[in-house]
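Since the structure comes first, as structure tokens, the remarks are kept for the end.
The values are calculated or read from the model by the stated rules, or taken from the named source; none is laboratory data. Remember, it's a predicted structure, so these values are computed and weren't measured experimentally. In this analysis, Cβ positions are derived from the backbone assuming ideal geometry, glycine residues included, and neighbour counts consider all displayed protein chains.
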Amino acid sequence: MKTKIIDPILERLVIPNGVFYPDQCSIMLADLALLYPGSVLDIGTGSGYVAIRLAQNGRQVTATEISKKALMCAEKNASLFDLDLITFVQSDLYKALSNRIFDIILYNPPKESNETEYSRRVKTFVQTHLPADIVENISSLFFFINRSARRKSLVGFIEQSKKHLSIDGKILINLLASDANYICSVRRDLCLVSKPLWTNEKRTILLLSYS
């Protein structure tokens, strides 16, 4: 059973099945983002948790989602806090953002490159009804099978991000630890700086920059 996260914002959010529920990594991503000044792009905002955290601290945030259901969820959650510093946009990565530039880009990519609302609902059902050790084994198998497609998608994201960052801009991205190691060691050509800011046994929040 997962340890319940105590967070005053999280406790107020309304998150339907099929929308990612913020975890410890989401909290750390918001904490770390607050260390860097400037405008923020929150890609794949999900429930809106990270965007809300940043807006409450005075940051101007553009929050995007490919899922209409998740975007509506995030907008409703932001309305609970009466925030006017968040602009919500339905977009697949940068497609609806034209040539907009940001100082900080945050990304919490799906663990599977082809993840959908339906697959998340199935995953929630499995996690709820099967023993934790079996769920862990199934997850590890799918992560391994999907590794090549996931990393190809990740590399594509990093390559696209350069034209959307300010000169001294930063990307903070929450990855599986093995994928973070891949970016830092095998694909060091993608950007000038790639270093872990936070890690646990499974996940790593990586900082990327081009200057």
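For the reader, a short list of remarks on this structure follows.
- Checking residue 66 against (1) closer than 26 Å to residue 198 by Cα; (2) at pLDDT below 95; (3) β-branched (Val, Ile, Thr), the condition it does not meet: (1)
- Listed by first and then second residue, the pairs with beta-carbon distance under 7 Å, at least 6 apart or on different chains, first residue in the range 36-61 and under 15 Å from residue 25 (Cβ atoms) and modelled with pLDDT of 95 or more, second in a helix (DSSP H, G or I) and not small (Gly, Ala, Ser), are 42/50; 47/73; 47/77; 49/10; 50/29.
- Selection of the range 60-85 for residues being of a type in the set (Lys, Arg), in contact with a strand residue (DSSP E or B) (Cβ under 8 Å, 6 or more places away or on another chain) and over 23 Å from residue 157 (Cα atoms) yields an empty set.
- Filtering the range 182-196 to residues that are surrounded by fewer than 16 Cβ atoms within 10 Å (Cβ to Cβ) and either acidic (Asp, Glu) or within 22 Å of residue 167 (Cβ to Cβ) (or both) leaves 188, 189, 192, 193, 195.
So that you can scan it fast, the table gives a plain yes or no per residue for (1) within 19 Å of residue 109 (Cα to Cα); (2) touching a strand residue (DSSP E or B) at 6+ places or on another chain (Cβ under 6 Å); (3) of a type in the set (Gly, Ala, Ser):
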position: 7; (1), (2), (3): no, no, no
position: 31; (1), (2), (3): yes, no, no
position: 34; (1), (2), (3): no, no, no
position: 47; (1), (2), (3): yes, no, yes
position: 58; (1), (2), (3): no, no, yes
position: 87; (1), (2), (3): no, yes, no
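- Tally of residues being among the charged types (D, E, K, R), surrounded by fewer than 18 Cβ atoms within 10 Å (Cβ to Cβ) and over 19 Å from residue 38 (Cα atoms) across the range 63-106: 7
- Residue within the range 17-27 that is of a type in the set (A, V, I, L, M, F, W, C), touching a strand residue (DSSP E or B) at 6+ places or on another chain (Cβ under 9 Å) and closer than 20 Å to residue 171 by Cβ present: yes
- Total residues in the range 125-171, condition touching a helix residue (DSSP H, G or I) at 6+ places or on another chain (Cβ under 6 Å) and at pLDDT 95 or above: 1
- Hits in the range 141-181 - residues which are under 23 Å from residue 40 (Cβ atoms), surrounded by fewer than 12 Cβ atoms within 10 Å (Cβ to Cβ) and either in contact with a Pro (Cβ under 7 Å, 6 or more places away or on another chain) or among the hydrophobic types (A, V, I, L, M, F, W, C) (or both): 167
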